[in-house]
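Peer 1: The structure is given below, and queries will be raised subsequently.
Every number here is computed from the coordinates shown, using simple stated rules; none is lab data. The structure presented is a predicted model; accordingly, all values stated were derived computationally and were not measured. Here the Cβ positions follow ideal geometry from the backbone for every residue, glycine too, while neighbour counts run over all protein chains shown.
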Amino acid sequence: MTTAQGGWSLLRQHDFRSFLLARLCSNVGAQMQTVAVGWQVYSVTRDPLDLGLIGLSQFLPFVVLILPAGHIADTRDRRRILMACHAAHTLCALVFLVLALRGLASPWPVFITMSVLGIARAFAMPAGQALLPNLVTREQFRGAVAVNSSVFQASTIAGPTLGGLLFLAGAPLTYAVVAVLALASLLFVSRIRGGGRVSAVSDPTTLRELLSGLRFVWHKHTVLGAISLDLFAVLFGGATALLPVYARDFLHVGPTGLGLLRTAPGVGAVLCALALGVKPISRYFGRWMFGGVAMFGVAIIVFGLSRSMLLSLTALVLLGAGDMVSVYIRHLLVQLETPDSIRGRVSAVSAVFIGASNELGEFESGVAASWLGTVRAVVFGGVATLAVTAIWAKCFPALWSMDRLPASAHEDRKPA
């Protein structure tokens, strides 16, 4: 059975299917919300720094809470944690709906609401990442990762496009649909029956326990290299935060065009995920990972210099494909190296790196655009990403030369 066939056959399993549907609804809504929030804030202030502050407002509470959240994911029912997070997403969408109906005059209510979303995301990421391996057997896990990644990337295609189209009818309609999708994701998670609780005995909540995931990553140099490569490459290459500027001021394509620009990386990622499903990587994992990050950097440079919508979309498609290769290998590496007893805490450490690269990268892009100008900031980010790729290949030779993935660190057992 091929990886693709094994992966998609998992859709017959009730818990895994419910998990995927919840993630699909949640991510489609989040992508729609990103388009609406970015366009609204930039239309009010016309300051790219405020686009960076959207990311910073999510990142600050996220980075403060993520390690305790990882410990909680290892000691509490992961399903209930996800349910609480999706409930918070629903409430935030309703707040955005009220703000849109009353008229947005200042970005500060948006920043505050995004901070609440950052809190929810801090708990949702380690709980969700740690829950997935317990819904399938070890033999099914690679297929489950491929399907899960495909569903996530499909949401990055559907979400921005729907958000851009609905925004033409008004921001209130967009946020109302986001609220419905968040509520649907809550209901799907509530249907998951197994895999949520790790054990009946909880470790004491001490500083040593909270930092156990960080210690594990520090001593696993391939894992450390993989997630830190993503951190610094995407940190400097956060051009997507500035898409509202390109859509409005350079490409002149409006909110619908902004939705298409945000969709393009997802298209590239889905095409790459499908290719990985049909012909999965079997050798030279390290070089594939570095190659994906390098493609990401080159695509950013091309996008930054482009004034053609077609060329910009092509560059963003390639950006998404390169990122997908890196994400796919990193996720497999982290989960296969990590014992289930600390998977939540290790996933929390990985989430810190991912959150820093995304939200903090958006803030860095906003600040750089304010100082250097939008185009120079984006091109500089792409060049910096290529420099990081070369430096990490020298600093982490074991990751660069990694030929095959390691054997799984958790027991070969069926899910609870």
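Peer 1: Return yes when Thr137 is of a type in the set (Val, Ile, Thr), over 23 Å from Gln58 (Cβ atoms) and either without any contact (Cβ under 8 Å) to a residue 60 or more places away in the chain or out of contact with any Phe, Trp or Tyr (no Cβ under 9 Å at 6 or more places or on another chain) (or both) and no when it is not.
Peer 2: yes
Peer 1: Failed condition for Ala120, given (1) assigned to a helix (DSSP H, G or I); (2) touching a residue at least 40 places away in the same chain (Cβ under 8 Å), with all others met?
Peer 2: (2)
Peer 1: Further question: For Tyr328, which of the numbered conditions (1) more than 20 Å from Gly237 (Cα to Cα); (2) hydroxyl-bearing (Ser, Thr, Tyr); (3) part of a helix (DSSP H, G or I) fails to hold?
Peer 2: (1) is the only condition that Tyr328 fails.
Peer 1: Among the residues of region 149-183, count how many are in contact with a His (Cβ under 9 Å, 6 or more places away or on another chain) and surrounded by fewer than 23 Cβ atoms within 10 Å (Cβ to Cβ).
Peer 2: Summing the residues that are in contact with a His (Cβ under 9 Å, 6 or more places away or on another chain) and surrounded by fewer than 23 Cβ atoms within 10 Å (Cβ to Cβ) in region 149-183 gives 3.
Peer 1: Another one. Please enumerate the residues belonging to region 250-305 that are charged (D, E, K, R), surrounded by fewer than 17 Cβ atoms within 10 Å (Cβ to Cβ) and in contact with a helix residue (DSSP H, G or I) (Cβ under 8 Å, 6 or more places away or on another chain).
Peer 2: Arg287
Peer 1: Let me ask something else. Considering only region 226-244, I want to know if a residue exists there that is over 17 Å from the mean Cα position of the chain (by Cα) and without any contact (Cβ under 8 Å) to a residue 40 or more places away in the chain.
Peer 2: No, that holds for no residue.
Peer 1: From the set of residues in region 361-375 that are in a helix (DSSP H, G or I) and free of Cβ contacts under 8 Å to residues at least 12 places away in the same chain, which is surrounded by the most Cβ atoms within 10 Å (Cβ to Cβ)?
Peer 2: Leu372
Peer 1: Oh, and also: Just to check your reading of the model, which residue among Ala275, Ala264 is farther than 21 Å from Thr389 by Cβ and without any contact (Cβ under 8 Å) to a residue 24 or more places away in the chain?
Peer 2: The conditions single out Ala275.
Peer 1: Select from region 109-139 the residues that are surrounded by fewer than 23 Cβ atoms within 10 Å (Cβ to Cβ), polar (S, T, N, Q) and closer than 25 Å to Arg76 by Cβ and list them in ascending order.
Peer 2: Correct list: Ser115, Asn134, Thr137.
Peer 1: I need a count of the residues in region 392-404 that are surrounded by fewer than 12 Cβ atoms within 10 Å (Cβ to Cβ) and in a helix (DSSP H, G or I).
Peer 2: Here the count works out to 2.
Peer 1: Does Ser106 count as under 19 Å from the mean Cα position of the chain (by Cα) and either surrounded by fewer than 23 Cβ atoms within 10 Å (Cβ to Cβ) or farther than 17 Å from Arg79 by Cβ (or both)?
Peer 2: no
Peer 1: Hey, another quick one. Kindly indicate the residue of region 9-58 that is not acidic (Asp, Glu) and not in a helix (DSSP H, G or I) and also farthest from the chain's Cα centre (by Cα) among those meeting that condition.
Peer 2: My answer is Arg46.
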